[in-house]
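Asks: Pasting in a structure now, in structure tokens, and then I'll have a few things to ask.
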Amino acid sequence: MDTFNNQLLKACIEKNNRLCLGLDLDNRKLKNDTLSYFKGFIKDIIDTTIDLCPVYKINFAFYERLGKKGYQILDEITQHINGRAITIADAKRGDIGNSSKYYAEAIFNTLNYDSITVSPYMGYDSIQPFCKYNKGVFILCLTSNLGSQNFQNKIIDKQKLYLHVAKLAFDMNKNNNIGLVVGATKNNQMEDIREKTKSLPWLIPGVGFQGGSLKDSLEIGSKYDSLPIINVSRGIIYAGEGSLDDIRIATEDYTEKIRDIL
């Protein structure tokens, strides 16, 4: 079986795109807030965009707050995509090894997601259980939120913490299934991380509402023949009046911009 990072690359080449659509939907912001409408609308978004989108990221927080029905929707999303695109469980898990083992089983086996975001704060043994599957593991490295400076920029052994995380990810990539989450709002740091991680794929949030540069993200992310995955959530799912036509137009717009840069 092909490695996850190779599967990710093939999906992007097949659709000539690097766009990841973030399905970070709040049902209370829709014209109909019932869960049945919510579930149907998510599936409609997927069907409206899947010929262009090689990757979908599902932020678990938006669904877990709904309890049992939210988990049912998380399950139905992967069933609906059914191999037509790569799925990322944006769950940001990370715990002692024994707990991480069960998080990995839940997301990779029970819910059947292709990849996951994980927190590196607890170290190597909190990440390792996710790496044992032929699934993707995106490690939080340099995030685009304001509070990232509280820890990620701290100097440890003459090097910023996020560079230690980048080095750990590079060293752990024995099965060619590890990537990094690198925010689009930090250009200079992105250059440093790319030097450390060479060809590791990046999941890049922060383009759009957070002001990150699409051009810089793609150009820096593509160095060393690597793969930058540009995540866009609100800029697409709440485009215009939030109709499927508006979502399609926004997806086409981002796709065209990405292709022009590449």
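Nothing in this text is a laboratory measurement; each read-out follows from the coordinates by a stated rule. Just so it is clear, the structure is predicted and the values come from calculations on it, not from any experiment. A quick note on method: Cβ atoms are made from the backbone with ideal geometry, for glycine too, and the neighbour counts reach across all protein chains shown.
Asks: Do we find that Arg28 is out of contact with any helix residue (DSSP H, G or I) (no Cβ under 8 Å at 6 or more places or on another chain) and of a type in the set (Lys, Arg) in this structure?
Replies: Yes.
Asks: Which pairs turn up if I take residues in region 220-243 that are farther than 12 Å from Lys57 by Cα and free of Cβ contacts under 8 Å to residues at least 12 places away in the same chain and look for partners that are among the hydroxyl-bearing types (Ser, Thr, Tyr) and surrounded by fewer than 18 Cβ atoms within 10 Å (Cβ to Cβ) with beta carbon separation below 9 Å, at least 6 apart in sequence or on another chain?
Replies: Hits for this filter: zero, empty list.
Asks: Next question. Tally time: how many residues in region 45-59 are in a helix (DSSP H, G or I) and either under 10 Å from Thr251 (Cα atoms) or of a type in the set (D, E, K, R) (or both)?
Replies: 3
Asks: Can you give me the number of residues within region 91-115 that are outside any strand (DSSP E or B), over 9 Å from Ser126 (Cα atoms) and of a type in the set (Lys, Arg)?
Replies: 0
Asks: Scan region 126-170 for residues that are hydroxyl-bearing (Ser, Thr, Tyr), within 16 Å of Ala91 (Cα to Cα) and touching a residue at least 40 places away in the same chain (Cβ under 8 Å) and jot them down.
Replies: The answer is Thr143, and nothing else.
Asks: In region 116-165, what count of residues is obtained for those that are of a type in the set (D, E, K, R) and part of a helix (DSSP H, G or I)?
Replies: 1
Asks: Would you check which residues across region 1-14 are within 14 Å of Arg84 (Cα to Cα) and free of Cβ contacts under 8 Å to residues at least 60 places away in the same chain and list them?
Replies: Listed by number, the residues that qualify are Lys10, Ile13, Glu14.
Asks: Also, I was wondering about something else. Residue check, Ala169 against (1) within 14 Å of Asn5 (Cα to Cα); (2) in a strand (DSSP E or B), all met but one. Which one?
Replies: (2)
Asks: Would you check which residues across region 174-196 are under 14 Å from Cys131 (Cβ atoms) and either touching a residue at least 60 places away in the same chain (Cβ under 8 Å) or touching a strand residue (DSSP E or B) at 6+ places or on another chain (Cβ under 7 Å) (or both) and list them?
Replies: Hits for region 174-196 are Asn175, Asn176, Asn177, Ile178, Gly179, Leu180.
Asks: Output the residues belonging to region 16-31 that are surrounded by fewer than 17 Cβ atoms within 10 Å (Cβ to Cβ) and part of a helix (DSSP H, G or I).
Replies: Arg28, Lys29
Per-residue answers, yes or no, for (1) surrounded by 13 or more Cβ atoms within 10 Å (Cβ to Cβ); (2) assigned to a loop (DSSP other than H, G, I, E, B); (3) touching a residue at least 12 places away in the same chain (Cβ under 8 Å):
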{"position": "Tyr37", "(1), (2), (3)": "yes, no, no"}
{"position": "Lys43", "(1), (2), (3)": "yes, no, yes"}
{"position": "Phe62", "(1), (2), (3)": "yes, no, yes"}
{"position": "Arg84", "(1), (2), (3)": "yes, yes, yes"}
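Asks: Same structure, new question: I need a count of the residues in region 64-82 that are touching a Lys or Arg at 6+ places or on another chain (Cβ under 6 Å) and buried (at least 19 other Cβ atoms within 10 Å of the Cβ).
Replies: Number satisfying all stated conditions: 1.
Asks: Which members of region 113-125 meet the condition of being closer than 14 Å to Lys92 by Cα and not aromatic (Phe, Trp, Tyr)?
Replies: Ser115, Ile116, Thr117, Val118, Ser119, Pro120, Met122, Gly123
Asks: Then there is this: Looking only at residues that are buried (at least 22 other Cβ atoms within 10 Å of the Cβ) and free of Cβ contacts under 8 Å to residues at least 60 places away in the same chain in region 109-119, which one is nearest to Thr48 (Cα to Cα)?
Replies: Taking the candidates together, the pick is Tyr113.
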